[in-house]
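Worksheet: one structure, shown below.
The values are calculated or read from the model by the stated rules, or taken from the named source; none is laboratory data. Just so we're clear, the structure is a prediction, and the values are computed from it rather than from any experiment. When we count neighbours, we look across all protein chains shown, and the Cβ atoms used for this are built from the backbone with ideal geometry, even at glycine. Note: accessible area is taken over every heavy atom of the protein model, side chains too, but ligands, DNA and RNA are not part of it. Shrake-Rupley method; radii C 1.70, N 1.55, O 1.52, S 1.80 Å.
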Amino acid sequence: MTQGKTGTELAEPPKKPVTVSINGNAYRADEGECLLTVAERVKIPIPHFCFEQSLEPYGACRLCMVGVVHHGKTVMETACTLRAKEGLTVLTDTPDIVKYRTILFELYLAEAPKSAVVKEMAARYGVTKTRFLRRVDTGDPLGGACILCGLCVRVCNEIMGAGAINFINRGPYTVVNTPFTEPSRDCYGCGACAAVCPTHAVSLEDRGGERILHSWSETKVPLSQCVSCGKYFAPAALEKSVLSRIEPPLRDDLEGLCPACRAKKLAKKEILAATGGDPGDA
Amino acid sequence: MTGVFDRAAGEVAGQKKILPGKPRIAVGLATCGIAVGGEKVYERLQEIIKKTGVDISLAKTGCIGYCREEPLVNITIPGKPLVILHKVTEEDAEGIVEAVKKGTVPYKKALCRVPSWDHVTGTVITYGNGFDEIPLYADIPFFKHQKKVILRNAGFINPEDIDEYLAVGGYAAAEQALTRMDSETIISEVEKSGLRGRGGAGFPTGMKWRITRDAPGAAKYIICNADEGDPGAYMNRNEMESDPHMLIEGMIIGAYAIGAKEGLIYIRAEYPLAIRRLVHAIGEARALGLLGKDIIGAGFDFDIRIATGAGAFVCGESTALVASIEGRTGRPHPRPPRLTDPGGGLWGIPSDLNNVETWCNIPVIIRNGSGWYAKIGAEKNAGTKVFSLVGKVDRVGLVEVPLGTSLNTIVCDIGNGGAQGKKVKAVQTGGPSGGCIPVRLFDTPVNYESLNAVGSIMGSGGIVVMDEDTDMVDIARYFINFATGESCGKCVPCREGLRHTLILLNRLIARKGTAKDLETLALLADTIKNTSLCGLGQSAPNPVLTTLAYFREEYDALVKP
Amino acid sequence: MEEKTLEEIIARYDSPTGKVLGILGDIQRSEGYIPRETLEMLSVKIDVRISQLYSIVTFYSFFSLKPVGEHVITICMGTACHVRGAVGVLDALESLLDIHGDTTEDGKFSVTTKDNKFTVEIARCFGACSMAPVLQIDGTLYGYANPDTLPAILEQYGWRAA
Ligand SMILES: Cc1cc2nc3c(=O)[nH]c(=O)nc-3n(C[C@H](O)[C@H](O)[C@H](O)COP(=O)(O)O)c2cc1C
Ligand code: SF4
Ligand code: SF4
Ligand code: FES
Ligand code: FES
Ligand code: FES
């Protein structure tokens, strides 16, 4: 892994309050805070696809462009990579931004013609048609809805540490999938990719004792069955990796239980401990 | 390890090789010379010399850059001028050896003579006089308007022999810097020289060095960008193949000034010969104590590694380049952090990235002084620049001129206009990131600002000439097709925008386009330029924008009425 | 590729700097392509996820996952070669070798003849632009290529006119 590429961490420690101006109104922010976060907090809409609080800004979707006013000149920058500082002045809807945003939305409408999310978001900014040729995707595992924001890849690699999926090819040929477009052995089946996907492009389903990740070359991951109630509750590999982070005595107690039964068992244990009973026969 | 570096000893040994006191035949063997049979000429000469047992020293040199006349062979007969033979074939080998045996040269093959050569860093090699019927180097139109500073040794010395580099003043600058100058003096010399980055954007080199040196943390990297991704540009290849030690010397000085212990050359895989010569040169430099521990006895440790690319134009971009070296795909990330920032460089360490030719400028600046250097070139554009003049031009080749020289001088005086007597119509500078400049703007001086003003860029120095037969819309399509294939695919304007630009251009060329398509084309190009994440997307529309501006009639002619 | 050979290649790289691309480049040069088993073996040996290696191999045009023919012909499609007629050379080559190339879905251009004798690929620039158009066969560069000189060059590699 690369070391030290963590702009947020570096900017973090001194949380000095500053005032930034967005569309002519003043707002409080922490120095170094991501401008897109500030805007979201104060409910100023800035469209975006590739930003996720827990990951470094990625700067790929280009939708979050704002105009930064500096010495009377306005320069475009992406809000996700902008850091709040005293006197920062930005405009979210300059004529240039409207012009470029329209084209970007049209490009997205052509790239992911099946995505309802893209359609809705574009419509909110007045873009309902595209003058560009739509992609015809026959049998696209992401259902013609992927806009290559990279969030699934980054969550899978950087947060889950599974590294099951990645980008394949480059330029307009880029897709996301498993290597050799074959079922992955590294996939935990955690579904974080599907949860993070802004366009709901990732398709998966739990069927029988398995989770099937349709979008990822039909990767199948076995689910654990609860030893107490018999329900399938989580991908086995994921359960193992979660349990490995828990202290051994407790781990032995919880192994094989679904979250509901776990809670019951823990509650029982606490009651018994409080009343001085013997937990052994739980 | 050998003892303390002894420049003088190497210098003497090298001079004996350049002027061996007996005839020397040197064959130009850079990739270009090899591609047109130079190696066969060399082998044939070797065979004949061995068979006949004549006392002739046979050597390899790099390339003097007059590509049209390759293969080139230099002959040095003691006391006589060095004679450059051109368009030499295997069949000529016999005749050459015969002539040399008699103390002369095959006149019919002679291009020009060089009575003495100024290697700029303080050494002038005097060959001799005679052969008056052969034109002088300085009278050859291709050479007459050039000023050789970076290419001062190219084609004269053997790039695989460090002694020959030492013989022409090599490593004197490194010795001077490491033993008699401190970091501050060196950086301020580079700043005062006015040197700007030769990789495209023209960022002041001294300032970049200073920023890297002053960045937090003791560890620093220096990196040489030898990706030379612009198709049609090959000056960096020739610089590395013909004079690899000049680059290494520049990097040693830079490392010392910036405080880097490790340097890296990121070179494209398409340049196997340049890689071999660099590896060999690095080995030679280590053996003489110029790389490794305690360089030149100055108590400074530094070494150079080579990392190879794998065919991706975007990896010339700084953040993609670092990703590639770290073993990832070359997808750029937003800056800051820049390479010079903590967290932004190689393995997160502040790094200084400079182009091959930028590094090559360093020894001469240190040796001759910033004042000397600053006088070459034009206002805010000091020094010379090497251009590769290719395409439909009569005299193709590598051309080195002071910055500020006009396109006219380069294309018409040096290049002699269009090939086969055709009329020149435009040039493309800066490769896929640059723009097409029409012939009516050929009095534009070639400097960073003027090229930007006409919608193009300096880039790394590729100049591709187009003649009256060239279809400019096809050229725009060519570049967009290239950029689409080279886009990393991270951001939508570049990934999707270029693809649709290509679709629109294809539709126009198929005569199915409308005036509305032309409008969309212009708007799309504008969007890509202004919203893309990295320099690739930001500059990829330039060929479309400039051809639209200067050759609009060719687009209009394709549109259905 | 034999495990031992791969280990030898890996041993050439003593620093992580430039290692992954360096190793993949060596495999590509030695085998003419990157065999799947080798890639999987490499993933284990250098502890880099297979998904990342696969991503790299499909990103860079120098790498190929498909075996190539006996001789690899690479045509330069750089600017200098383009304006000097590289497209015509490619067309002629396609008709001489009876192949029909198009960019494939991974965005790379690579076509192999039916008898597996030649693979035709495309490059961006060899830096020999002055001799445009340029083509390369098994590492040897040929300058000033044109449809008329092609047959003679190909014959050196065992090609015969039908
Ligand atoms: C798409 C792209 C390709 C580039 N290719 C090269 C290249 O091949 N060689 C190079 O020196 N710089 C290239 N650059 C510029 C480098 O990013 C960087 O600015 C340069 O190497 C800095 O060196 P300099 O200051 O000496 O010019 C490229 C930039 C972009 C955006
Ligand atoms: S599948 Fe979803 S999360 Fe993954 S890249 Fe595509 S749009 Fe982004
Ligand atoms: S501009 Fe093109 S090459 Fe650069 S990050 Fe965007 S997609 Fe990648
Ligand atoms: S959220 Fe800023 S570029 Fe995507
Ligand atoms: S002939 Fe060597 S660089 Fe042109
Ligand atoms: S453009 Fe073909 S070799 Fe450079």
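Just a few scattered comments:
- Interface residues, the range B:193-238 - accessible area loss of 40 Å² or more versus chain alone, probe 1.4 Å: B:P231
- Shielded residues, the range C:109-153 - accessible-area loss of 10 Å² or more between chain alone and all protein chains, probe 1.4 Å: C:R124, C:C125, C:F126, C:G127, C:A128, C:C129, C:S130, C:M131, C:L141, C:G143, C:Y144
- Two tests apply to each whole DSSP H helix in chain A, Cα reach of 18 Å or more along its axis and mean Kyte-Doolittle hydropathy of at least -1.0, and the ones passing both are A:95-111, A:259-275.
- Check: the protein assembly as shown dipole with +1 on Lys, Arg Cβ and -1 on Asp, Glu Cβ, in debye: 1620 debye
- Nearest 10 degrees, 0 to 90: helix B:272-287 Cα axis against chain B principal axis: 50 degrees
- Lysines whose Cα lies under 29 Å from that of B:K392, excluding same-chain neighbours fewer than 8 positions away: B:K40, B:K87, B:K108, B:K109, B:K144, B:K147, B:K148, B:K422, B:K423, B:K425, B:K529, C:K108
- Probe 1.4 Å, all protein chains present, accessible-area order of A:T178, B:T514, largest first: B:T514, A:T178
- Against chain B, whose longest principal axis comes from its Cα atoms, helix B:498-509 is set at around 80 degrees.
- Local electrostatic count at B:G122 - Lys and Arg +1, Asp and Glu -1, tallied over other residues with Cβ under 14 Å: -1
- At the residue level, B:H280 shows approximately 80 square angstrom of accessible surface with a 1.4 angstrom probe and all protein chains present.
- Counted charge near A:R185, where neighbours are those whose Cβ lies closer than 12 Å (Asp, Glu -1; Lys, Arg +1): -1
- Exposure of B:R305 as accessible area (Å², to 10), given a probe of 1.4 Å and all protein chains: 70 Å²
- Taking only protein heavy atoms and a 1.4 Å probe, the accessible area of the protein assembly as shown is 52% carbon and sulfur.
- Charge context of B:G229, other residues only, Cβ under 11 angstrom, K/R +1, D/E -1: -4
- Loop-located trypsin sites (Lys or Arg not before Pro) in the range C:52-130, at most 15 other Cβ atoms within 10 Å (DSSP): C:K114, C:K117
- Relative contact order for the range B:7-164, counting Cα pairs under 8 Å that sit 6 or more residues apart, in percent: 27 percent
- Under-5 Å amide H pairs with C:V72, H placed in peptide plane, nonlocal only: C:T119, C:D138
- Sequence of B:Y234, C:Y144, A:Y188 when ordered by accessible area, the most exposed leading, probe 1.4 angstrom: C:Y144, A:Y188, B:Y234
- The loop-placed chymotrypsin sites (Phe, Trp or Tyr not before Pro) in the range B:396-488, going by DSSP, include none that has at most 16 neighbouring Cβ atoms within 10 Å of its Cβ.
- B versus C: buried accessible surface, summed, Å² (probe 1.4 Å, to nearest 100): 3500 Å²
- Accessible surface ranking that places the most exposed of B:E69, A:E40 first, with a 1.4 angstrom probe: A:E40, B:E69
- Each residue of the range B:294-310 was assigned a 3J(HN,Hα) from its phi angle through the Karplus expression (A = 6.51, B = -1.76, C = 1.60, θ = phi - 60°), giving 6, 4, 6, x, 9, x, 10, 9, 6, 9, 10, 10, 10, 10, 9, x, 8 Hz with x at Gly and Pro.
- Three-way shape label, the range B:224-348, alpha-carbon gyration tensor, a/c 1.5: oblate
- Charged-residue dipole, Cβ positions (Lys, Arg, Asp, Glu), the range B:7-164 about Cα centre, Debye nearest 20: 240 debye
- When both bridge partners sit in chain B, DSSP labels roughly 55% of those beta bridges antiparallel.
- Total accessible surface hidden between A and B, rounded to 100 Å², 1.4 Å probe: 3000 Å²
- Estimated from helical segments only, the mean residue ellipticity of chain A at 222 nm is -8000 deg cm²/dmol, where each DSSP H run of four or more residues counts as -39500 (n - 2.57).
- Solvent-accessible area per residue in the range B:472-556 equals 29 Å², computed with a 1.4 angstrom probe and all protein chains kept.
- Cα gyration tensor shape for chain A, rounded if a/c is under 1.5, else prolate or oblate: oblate
- Phi-derived couplings, Karplus 6.51 cos²θ - 1.76 cosθ + 1.60 at θ = phi - 60°, listed residue by residue for the range A:141-147: x, 9, x, x, 10, 7, 10 Hz, with x used for Gly and Pro.
- Reachable lysines from B:K17, criterion Cα separation under 20 angstrom, eight or more residues apart if same chain: B:K50, B:K60, B:K80, B:K101
- Qualifying lysines (Cα of each under 16 Å from Cα of A:K129; at least 8 residues distant if same chain): A:K99, A:K114, A:K119, B:K516
- The range A:141-282: relative contact order as a whole-number percent, Cα under 8 Å and 6+ apart: 17 percent
- Over chain C: helical MRE at 222 nm, DSSP H runs n ≥ 4 each giving -39500 (n - 2.57), nearest 500: -11500 deg cm²/dmol
- Each residue of the range B:520-527 is assigned a 3J(HN,Hα), and the resulting list reads 4, 4, 5, 5, 5, 4, 4, 5 Hz, derived from the Karplus form 6.51 cos²θ - 1.76 cosθ + 1.60 (θ = phi - 60°), x at Gly and Pro.
- Between the amide H of B:L85 and those of B:V73, B:N74, B:I75, B:L111, distances stay under 5 Å, these residues lying 5 or more places away or on another chain, with hydrogens modeled in the peptide plane.
- Remark: the Cα gyration tensor places chain B in the oblate category, a/c being 1.5 or greater and a/b not exceeding b/c.
- Normalised contact order of the range B:73-222, rounded percent, pairs of Cα under 8 Å and 6 or more residues apart: 15 percent
- Helix-only [θ]222 nm of chain B, DSSP H runs n ≥ 4, -39500 (n - 2.57) each, per residue, nearest 500: -11000 deg cm²/dmol
- In a simple Cβ point-charge model (Lys, Arg +1; Asp, Glu -1; nothing else charged), the range A:17-93 has a dipole of about 200 debye relative to its Cα centre.
- Which of B:V314, A:A123, B:A453, positive extreme of dipole for the protein assembly as shown (C-beta unit charges): A:A123
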